[in-house]
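K.L.:
Pasting in a structure now, in structure tokens, and then I'll have a few things to ask.
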Amino acid sequence: MISVYSKRKSVCAFVLPVAFTRFGTRSESRNFLSRRVKSVANQTSTFTVETLRNQQSHWKSVVGLEIHAQITSASKLFSGAGTEFGAPVNTNVSLFDAAIPGTLPVLNRRCVEAGVLTALALSCTVNPVSVFDRKHYFYSDLPAGYQITQHRVPLAQGGILEYPVFIPGAHNKTYSKKCFIKQLQLEQDSGKSLHDAEACRSLVDLSRAGVPLMELVFEPDLENGEEAAALVKELILILQRLGTCSCKMEEGALRVDANVSVHREGEPLGVRTEVKNIGSVRAVAHAVEYEIDRQVKILEAGGVIVNETRAWDADSRQTVPMRDKEEKQDYRYMPEPNLPPLRVLLDDCHSVPDSDSHHVNVGYLKRTLPELPRETRENLTNRYRISQESAVILVNENALLKHFYGIMEEKRSRDPKLSTNILIMELLTILNKNKLPLESSQISSKSLGAVVDLLQSKKINLVTARKLLQEIISGNPESPSEVMEKHGWTQITDESEIERLCTAVIEQNPNLVKEFHAGKTKVFNSLVGKVAKITENRANMAAVVQVLREKLRKLQNA
Ligand SMILES: Nc1ncnc2c1ncn2[C@@H]1O[C@H](COP(=O)(O)OP(=O)(O)OP(=O)(O)O)[C@@H](O)[C@H]1O
Ligand SMILES: [Mg+2]
Ligand SMILES: [Mg+2]
């Protein structure tokens, strides 16, 4: 039997005398959480826009995403050329990729497996037989004049992605959102056009032509930019766990097209526009919000929305027109005559697939599915009893999750809530201030755990914990306890000592005491602050508050 899959051998590459560039310039820090403080301002403006929109009229917004994910594979979808990012221009190009007549496509088995694995993780129904189609359009970076895709019968369809929407600082609680998946299809990427405005010429790099993509088409189930961004974030987590896509948006490995429309409540759906070139998760939220707002303004002013493709311009933070949307029939879809129907084995009769089998075994792949982010979150909330919100934050940042497991597994007696607070609230804030990445090699779970121990045993207070975290991220090789001992940062918990300190502060500040007794309760904080100051923040502040309050009460009653 002849295999429909290619046997990967040497790469047939040739060089075209054309351009240069790096794809994707805007690098996104995927440190979603450490920027949470900074992003609160943006989120607030987003929500203000939304609130205004809802108040002004009864506009409903509808958002549907199409996401192209580059399949992690050494070679292309239908040829043996390499796929590495940043390869010299036109070096990863086989004769087939350049559409040289007489060359034929040979399907890459690894890409089919990656597509099936992704489909299973998203609860899609894998079609036992799917087919390839030609989608025609004319553009210089598409040498064949058509793209091979799966239009009529895709690899998989009918899935669902359920994910939490949680914006630290803006929402107090997470809410669960469901978005249905219309289909998952395999397709080729196009080449890359480079427009040199000064020299009035366009150059083409075909290294990307034929790179394997999965296109995930989501149903229009979303309502706003935050839901869209949270979906993209969850998909990134899933694909990275599966290893089917690197999801490096800055390299173009994950590209999001956001379809947006608005309509008045009770009326039919509006005309959609499609926003492309969205280069980061945060930009997805901003682009969608901008587009909703733009459409509402046009309709409020009596205008009409045209079905067009727009681009997100990250510099001016607005969507700009790209081109009119081609009508469906303009693509002149037709079956790809050079590829047989793609058959996959659905039943699971063999425990390990026969290596000679030319069918991808869906049952076998199902058993290789790793733990998905949703399951990790459930495990965290069930096993450690931490909040949904904390679980979302930990799972969203793999480095944070590793530290959490590192801390908890080293010593089971550690308080999970205290540990998450140290990671989420304190560590991220300090890293943010120091402009350091979370992945910094200076940070070990062991020393973070030691800080948790000192706090849990009340040897230090939170202010000292912050100082110790600063020492850790600055690369101090001493252990947190050594640093604490050396600087004499041990917490003052001795009751009589705290009594003595509070008495001294009351005696030294008769005016503040008088004001407090006269009803100026805010003055209380100044008195607490004074005890903190004379102890260099070492006092157990909970005890200080209690003792001070009691003493002031007694004084008033005396
Ligand atoms: N009224 C609407 N408002 C917002 N989004 C919509 C609306 N109707 C459909 N969509 C979304 O538009 C997308 C349509 O994608 P699909 O791939 O089927 O067609 P396309 O955009 O015309 O094709 P192409 O792959 O060439 O971009 C889906 O993600 C869907 O959720
Ligand atoms: Mg599409
Ligand atoms: Mg589209």
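The values are calculated or read from the model by the stated rules, or taken from the named source; none is laboratory data. Everything quoted here is computed from the prediction, not taken from an experiment. Cβ coordinates were reconstructed from backbone atoms using ideal geometry, including for glycine residues, and neighbour counts include every protein chain displayed. To get the accessible areas, we keep the full protein, side chains included, count just its heavy atoms, and leave off ligands, DNA and RNA. Shrake-Rupley method; radii C 1.70, N 1.55, O 1.52, S 1.80 Å.
K.L.:
Looking at segment 189-227 only, could you name the residues that are modelled with pLDDT of 95 or more and either surrounded by fewer than 16 Cβ atoms within 10 Å (Cβ to Cβ) or within 16 Å of ligand 3 (Cβ to nearest atom) (or both)?
P.N.:
Matches in segment 189-227: 189, 190, 213, 214, 215, 216, 217, 218, 219, 220, 221, 222.
K.L.:
Still on this structure, please answer the following. Quick check, is residue 307 within 24 Å of the chain's Cα centre (by Cα) and modelled with pLDDT under 95?
P.N.:
Considered against the rule, which asks whether it is within 24 Å of the chain's Cα centre (by Cα) and modelled with pLDDT under 95, residue 307 comes out as no.
K.L.:
Just give me the residues in segment 267-282 being more than 8 Å from ligand 1 (Cβ to nearest atom) and either part of a strand (DSSP E or B) or touching a residue at least 40 places away in the same chain (Cβ under 8 Å) (or both), in sequence order.
P.N.:
Scanning segment 267-282 gives 273, 275, 276, 277, 278, 279, 280, 281, 282.
K.L.:
Here's something else I'd like to know. Return only the number of the condition from (1) β-branched (Val, Ile, Thr); (2) part of a helix (DSSP H, G or I); (3) open to solvent by less than 20 Å² (accessible area, probe 1.4 Å) that residue 429 does not satisfy.
P.N.:
Unmet for residue 429, out of (1) β-branched (Val, Ile, Thr); (2) part of a helix (DSSP H, G or I); (3) open to solvent by less than 20 Å² (accessible area, probe 1.4 Å): (3).
K.L.:
Could you give me the residue pairs with C-beta distances under 8 Å whose first residue belongs to segment 514-541 and is hydrophobic (A, V, I, L, M, F, W, C), whose second residue is surrounded by 12 or more Cβ atoms within 10 Å (Cβ to Cβ) and assigned to a loop (DSSP other than H, G, I, E, B) wherever it lies, and which are 6+ apart or on separate chains?
P.N.:
527/509; 539/461; 539/491; 541/461
K.L.:
Now for a different question. Which one is surrounded by the fewest Cβ atoms within 10 Å (Cβ to Cβ) among residues in segment 258-276 that are within 15 Å of ligand 2 (Cβ to nearest atom) and polar (S, T, N, Q)?
P.N.:
The residue in question is 259.
K.L.:
Which condition number does residue 247 fail, the rest of (1) within 8 Å of ligand 1 (Cβ to nearest atom); (2) in a loop (DSSP other than H, G, I, E, B) being met?
P.N.:
Against the list (1) within 8 Å of ligand 1 (Cβ to nearest atom); (2) in a loop (DSSP other than H, G, I, E, B), residue 247 comes up short only on (1).
K.L.:
Is one or more of the residues making up segment 186-206 of a type in the set (Val, Ile, Thr), out of contact with any Asp or Glu (no Cβ under 7 Å at 6 or more places or on another chain) and away from ligand 1 (no atom under 16 Å from the Cβ)?
P.N.:
Within segment 186-206, not a single residue is of a type in the set (Val, Ile, Thr), out of contact with any Asp or Glu (no Cβ under 7 Å at 6 or more places or on another chain) and away from ligand 1 (no atom under 16 Å from the Cβ).
K.L.:
Being open to solvent by less than 30 Å² (accessible area, probe 1.4 Å), within 15 Å of ligand 3 (Cβ to nearest atom) and out of contact with any Ser or Thr (no Cβ under 7 Å at 6 or more places or on another chain), is that true of even one residue in segment 229-245?
P.N.:
So far as segment 229-245 goes, no, none of its residues is open to solvent by less than 30 Å² (accessible area, probe 1.4 Å), within 15 Å of ligand 3 (Cβ to nearest atom) and out of contact with any Ser or Thr (no Cβ under 7 Å at 6 or more places or on another chain).
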